[in-house]
Amino acid sequence: MPKIKSYIREVNNIALASMGCVSCKTKKAALCPYCFPEGVFHILKKNKVDKSVIGDFTNVFNFHLEHKGYIADAEKAGMF
């Protein structure tokens with residue numbers, strides 16, 4: 001989807017000014033594993049992507065272990 005590609009470009013631009021990786025010191029970590037999929041989830045939902053696609057996405061990229069944010073939203077909507 002073009003909107004997700006645009007989101008990825010924005011994240012890549014942020015990465016240039018981000019802190020380095022604690023392991024390899026490369027500047028590449030702009031968003032945490034929770035924030036990035038949350039952004040994609042909201043793009044998918046806003047664009048009315050089929051619930052089964054969003055469900056598959058949330059199953060694969062479920063880094064929100066407390067289930068209070070975007071995963072809770074997906075659960076209420078029957079997407080997860």
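The values are calculated or read from the model by the stated rules, or taken from the named source; none is laboratory data. Source: prediction; values computed, not measured. Note: ideal-geometry Cβ built from the backbone for every residue, glycine included; neighbour counts use all protein chains shown.
Details
- Count of segment 71-80 residues, restricted to those that are touching a helix residue (DSSP H, G or I) at 6+ places or on another chain (Cβ under 9 Å) and either in a helix (DSSP H, G or I) or at pLDDT 80 or above (or both), is 6.
- One residue stands out in segment 46-62 among those that are more than 14 Å from Gly78 (Cα to Cα) and under 13 Å from the mean Cα position of the chain (by Cα): the one that is modelled with the lowest pLDDT, namely Asn62.
- Here Ile43 qualifies as at pLDDT 80 or above and β-branched (Val, Ile, Thr).
- Lone qualifier among Lys68, Lys5 - being modelled with pLDDT of 65 or more, of a type in the set (D, E, K, R), assigned to a helix (DSSP H, G or I) and exposed (fewer than 13 other Cβ atoms within 10 Å of the Cβ): Lys5
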